[in-house]
Amino acid sequence: MPTSVSHPAWSGKLPIGVGLVGTGYAAKLRAQTFQSQDRTQLVAVAGHTPDSTKEFGQTYSCQAVSSWEDLVGREDIDLIVICTVNQQHGAIARAALEAGKHVIVEYPLCLDVAEAEALIALARDRNQLLHVEHIEILGGLHQALRQSLPKIGEVFYARYSTINPQHPAPQRWTYHPELFGFPLCGALSRIHRLTDLFGSVATVSCQARYWGEGAFYQSCFCTAQLKFTSGVVAEVIYGKGENLWQPSRSFEVHGEHGGLIFDGDEGKLIKENETTPIEVGGRRGLFAKDTSMVLDHLIEGTPLYVTPEASLYALKVADAARRSAETRQTVLV
């Protein structure tokens, strides 16, 4: 039997009816988690194509509908989860909030800063949940890095590189500038890791280059230098596609008394005459953890690990990088 619950963000019965927008990797992990929860019922899914949506619905025992608008209008859905192309995040989130639904959205909240601000204000005014997923903060690397920072003294430099060669480059929305957005906006976690660790940014200087013709590019390469108000200087390197040749997933932080070097899933603390391995937890299960934490927050009022405002600030920095790349000027944040 349904159980009544009462919370500032949620007042209704369990299970919570869930509508899912998207049928890709993140959507599948979300669906598995909702199925494993007795607090939720996955009601319906809207995907990009009828065939993939039908298959998804059959796999996860939910109804396949023709559009996200159909999900937003249903009375048996309380929570909309957005796992689709970045370009659509803002429009779906707004429609869902205006329809009285709670919202979970994969980063970025949207590609326009002003629209992101308006969505956060709308959710706040209506006392509805608006959660922007940032599972990189929950991951083992970020947690190990954060815990190790006090060991290296005052930080003055950081460098974060993610390079993904792909031959050939896929004809996917992640290689479409309008659907994905500016590289550091679409891949917002690259900025958010740094703002979560080092705080507010004073200036951004960025360069971006693309290869290929037509709607989809073959490669992109983007570098940005962030100068934080604390004095930390950080470099972000993001690239993918056919014109890149060596994969990279590295994060290094240099302080006055030591350095932290993470390469893939391995980390080490380097100090004078001493190198110590750092244990890095895995990345499996993070979408499930995020989903469970959101439900705990919605139903029981427990705090979340990230706020929409923190995600918005990272988006502002990423958008400053976009403007810097377009104008070839250093931009004040």
Using only the alpha-carbon atoms, how far is helix 50-59 inclined from the longest principal axis of the chain? Give it as 0 to 90 degrees, nearest 10.
80
List nothing, just return the count: lysine pairs in the chain, 8 or more apart or interchain, with Cα separation under 19 Å.
6
Once Lys and Arg are counted +1 and Asp and Glu -1 for all other residues with Cβ under 11 Å from that of residue 236, the total becomes +2
Picking from 112, 296, 319, which is most flexible by a Gaussian network model of the chain using Cα springs under 10 Å?
296
Percentage relative contact order, the range 269-333, counting C-alpha pairs under 8 Å, at least six apart
14
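Loop by DSSP (not H, G, I, E, B), at most 11 other beta-carbon atoms within 10 Å: where is the longest site-free stretch of the chain for trypsin sites (Lys or Arg not before Pro)? Let's see the in-between values first.
Details: sites that count: 284, 328.
Between exposed loop sites, the widest span is 1-283.
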Over the range 245-333, give the accessible area per residue in Å² for a 1.4 Å probe, as an integer.
58
Multiply the residue gap between residue 284 and residue 307 by 0.36 nm, knock off their C-alpha separation, and tell me the result in nm, one decimal place.
6.0 nm
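Looking at the square roots a ≥ b ≥ c of the eigenvalues of the Cα gyration tensor of the chain, which shape do they give, rounded for a/c under 1.5, prolate if a/b is larger than b/c, or oblate? It would help to have the intermediate numbers written out before the result.
Details: a/c = 1.77, a/b = 1.46, b/c = 1.21.
It comes out prolate by the Cα gyration axes.
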Connecting every pair of Cα atoms under 10 Å apart in the chain and solving the GNM, the largest mean-square fluctuation among 44, 208, 95 falls on 95
Based solely on its DSSP helices, what 222 nm [θ] is calculated for the chain when runs of n ≥ 4 H residues each add -39,500 (n - 2.57) and the sum is averaged over all residues, nearest 500 deg cm²/dmol?
-10000 deg cm²/dmol
Choose one answer from 304, 312, 286: the residue with the largest mean-square fluctuation in a GNM of the chain with alpha-carbon springs under 10 Å.
304
For the Cα atoms of the chain, what angle does the longest principal axis make with the long axis of helix 189-198, in degrees from 0 to 90, nearest 10?
60
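Are there GluC sites (Glu not before Pro) in the range 89-195 that DSSP marks as loop and that have at most 12 other Cβ atoms within 10 Å, and which are they?
Working: sites: 98, 106, 115, 117, 133, 136, 154, 178; in loops: 154.
For GluC sites (Glu not before Pro) across the range 89-195 that sit outside H, G, I, E and B with at most 12 neighbouring Cβ atoms in 10 Å, the list reads 154.
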Give the share of C-alpha pairs in each 10 angstrom bin for the range 108-262, from 0 to the last occupied bin, in whole percents, shortest bins first.
10, 33, 34, 20, 3
Is the shape of the range 1-150 rounded, prolate or oblate, going by the alpha carbon gyration tensor and its root eigenvalues a ≥ b ≥ c, with a/c under 1.5 for rounded and a/b larger than b/c for prolate?
rounded
Between the helical axis of 113-126 and the dominant principal axis of the chain, each derived from Cα atoms, what acute angle in degrees is found, rounded to the nearest 10?
40
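With a cut-off of 8 Å between alpha carbons and a minimum separation of six or more residues, what is the relative contact order of the chain in percent?
Contact order relative to length: 18 percent.
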Over the range 160-315, relative contact order from alpha-carbon pairs under 8 Å, at least 6 apart, %
23
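Determine the per residue accessible area of the range 34-81 with all protein chains present and a 1.4 angstrom probe, expressed in square angstrom.
Normalised by residue count, the accessible surface of the range 34-81 is 54 Å².
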Length added when fully stretched, residue 171-residue 245, from 0.36 nm per residue minus Cα-Cα:
24.8 nm
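Which shape class applies to the range 181-333: rounded if a/c is under 1.5, otherwise prolate when a/b exceeds b/c and oblate if not, where a ≥ b ≥ c are the square roots of the Cα gyration tensor eigenvalues? Spell out each step's value before the answer.
Details: a/c = 1.39, a/b = 1.15, b/c = 1.21.
Taking the square roots of the gyration eigenvalues as a ≥ b ≥ c, the range 181-333 is rounded.
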With all protein chains present, the chain has a carbon and sulfur share of its accessible area (1.4 Å probe) in percent of 48
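The values are calculated or read from the model by the stated rules, or taken from the named source; none is laboratory data. All of these numbers come straight from a predicted model, not from anything done at the bench. All Cβ positions, even for glycine, are placed from backbone atoms using ideal geometry, and neighbour counts span all protein chains on display. Only protein heavy atoms, including side chains, enter the accessible area calculation; ligands, DNA and RNA are left aside. Shrake-Rupley method; radii C 1.70, N 1.55, O 1.52, S 1.80 Å.
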